[in-house]
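A quick write-up on the structure given underneath.
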Amino acid sequence: MNKNTRNILLLAGILLGINLFGQGTEQIKGNVSFISSQNVYVQFVNTEGIHIGDTLYLPVNNKLLPALLVDNLSSISCVGKPFPGINLSVGNRLLATKKADNKPPLEVVAQNSKEAISVNDQAIVKSKKKNNDKGIDGRVSLSSYINNTSDSTINNVMRFNFSLDAQHINNSKFSIETYISLTNKHIYTPFTESVTDTLTNETTNILVNRPQSSTELKVYDLALRYDFNKDFSLTVGRKINPNLANIGAVDGLQFEKSGRVFSYGAVVGSRPDTYTYSFNPNLLQFGAFVGFQTKKEYKRSQTSLALFNQMNNMKTDRRFIYLQHNNSLLKNLDLFCSLEMDLYGAKIKTDSALTKDISGNDSTARWTTKTPVNMLDLTSAYVSLNYRPFRNLSMSLSYDTRKNVYYYETYKSYVDSLLDKETRQGFRFQASYRPFSRLSIGGNAGYRLANGSAVSNAASSNGYGYLTYSQLPELDASLTLDATVLKTAYFTNALIYGGSLSKDYANGKIFAELSYHYADFTYITSGKFRQHIGELSLSWRIAKKLMLSADFEVTKEVGGTTQKRAFINLSQRF
């Protein structure tokens, strides 16, 4: 038994052997409304029962995963820092908890102009509605993104989104859900054009913009479900199964049977095309999953196991197992683990033979062959421990070997993308402390071990710290000062520091934040790189289900270009 296999069995034994449970609470539901480079904003109907230092939870696969530590709050919103390994998107539902008092949970849905591109995140949130619910929940939104760089292109993107979740139409057993996006892009690329004066015959070079336009329709979710009873359902169409979220969307059939202790299901169909996200029958996939959960006196634990096979042109491309477990080890100690193990791969063999070259001299020919073999290879792992010994102190420790996500399209700035890529993997320790009711301090430190010979896999370290003071005298606003330090294989030193000032108006209906950060990087190959980053964010809840939000950002590179970006979004729920 090799070292890799022993590690897999050890971790699997830990996951399956723990059977301690957490405490039950009432849930207050809110939604992520805005994500800045350092903070996450969550809106609620009201924040009664939520306190600074509380933890907000993300529902994933019928479990509550600690996701956000509250640093500050107003009458309808919370501001905080996500826990290590938690990737939140605008629109994600988060839950605050307090002692149950038999009141129905409160819920509000908010939408910000920086809409997440992650289709999986949005689909998981959308699929959390129970099968026996009735009624229609939908949203239409119109958003605009403008990117103007002083020496390159001007991008103007208009996007129309439509989502609908109709449960048990006309009191029947049929339900339908859909999420589609229509995007129109205008790109104006500057180029030099020669113009000749017909009278003087003189030629002049002028700078003009060459317009390019494109329109694309993408269907992220379009599925019809039939419920045989409250525990057994069959779905046809395109849908992301929350029990198999890492798989992505499935175009085909899915069935699921849920029970009080065990739940199971299976899917068969194909994967959307990698580049166009259209239907591609050549990418066949099928798999099954089983879940085990226990509840006893407000205590619970959950474990799920999935086996999946993905093909390309009727040949197995990947076969793997996904194992996930979460538990409350102690009253204030939470554990979350996930493992991904490949069961199929290729064995590479190098052969050689003595031959003659074109001149008749002796020569050695070498070649390699790949033979499909069954295997057991741990390809991804994430373990997180969250500990809260006191109400005003929270700590967490995590280890992450999951692969980084590279986006074909993203609205993240250069600095935000860099932080995402360089700080997620490896070991991370995080702590937050609130010595006084209006003061919060905290930070985190991360270290990634060297892995392989590639530069991007070299060892790196990072640190982040912040200080937040709420309800400043005279202003009644919140002030946050923060700093980030990075050291990777690409640069010897990177320092990002600044602050933000935020405030609610009109009884929480209007939210505004003004922030400034300075980025100072020293690259190993190209030397210094400095940026000034200013941002103004506004959101206005016009009506209960109508939200207008905007974000304006200016980035000035020292001795270089200036980039101006604007995000505007109008969202209506029904």
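The table for this structure:
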read-out: Relative contact order (percent, whole number), the stretch 257-401, Cα cutoff 8 Å, 6+ residue spacing; value: 15
read-out: Whole-number accessible area per residue in Å² for the stretch 464-574, which is evaluated in the context of all protein chains at 1.4 Å; value: 50
read-out: Projected label distance in nm at residue 212 and residue 278, using a 7 Å step from Cα toward the beta-carbon; value: 2.0
read-out: GluC sites (Glu not before Pro) within the stretch 252-360: DSSP coil, no more than 10 neighbouring Cβ in 10 Å; value: 297
read-out: Accessible surface ranking that places the most exposed of 448, 388 first, with a 1.4 angstrom probe; value: 388, 448
read-out: With all protein chains modelled, accessible area of residue 469 [1.4 Å, Å²]; value: 80
read-out: Pairs beyond 19 Å (Cα-Cα), from 239/295; 239/545; 29/421; 315/347; 29/544; value: 239/295; 239/545; 29/421
read-out: The stretch 330-394, relative contact order [Cα under 8 Å, separation at least 6], %; value: 46
read-out: Projected label distance in nm at residue 182 and residue 471, using a 7 Å step from Cα toward the beta-carbon; value: 4.9
read-out: For the stretch 313-400, accessible area per residue (1.4 Å probe, heavy atoms of protein chains only), Å²; value: 60
read-out: Accessible carbon and sulfur surface of the stretch 440-568 relative to its total accessible area, %, 1.4 Å; value: 63
read-out: Scattering profile of the stretch 312-400 at q = 0.18, 0.23 Å⁻¹ [log10 I(q)/I(0), Debye over alpha-carbon scatterers]; value: -0.89, -1.09
read-out: Distant-in-sequence amide H partners of residue 34 (H built 1.01 Å from N, under 5 Å); value: 41
read-out: In Hz, Karplus ³J(HN,Hα) per residue of the stretch 481-496 (6.51, -1.76, 1.60; θ = phi - 60°; x = Gly, Pro); value: 10, 8, 8, 10, 10, 10, 9, 10, 6, 8, 9, 6, 7, 9, 10, 10
read-out: Simple spin-label estimate for residue 417 and residue 355 in nanometres, 7 Å along Cα-Cβ; value: 4.4
read-out: Area of residue 186 that stays accessible when all protein chains are in place (1.4 Å probe, Å², to 10); value: 60
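The values are calculated or read from the model by the stated rules, or taken from the named source; none is laboratory data. Since we're looking at a predicted model, the values are computed, not measured. All Cβ positions, glycine included, derive from the backbone under ideal geometry; neighbour counts span all protein chains shown. When the accessible area is computed, the model is the full protein with side chains, heavy atoms only, and any ligands, DNA or RNA have been set aside. Shrake-Rupley method; radii C 1.70, N 1.55, O 1.52, S 1.80 Å.
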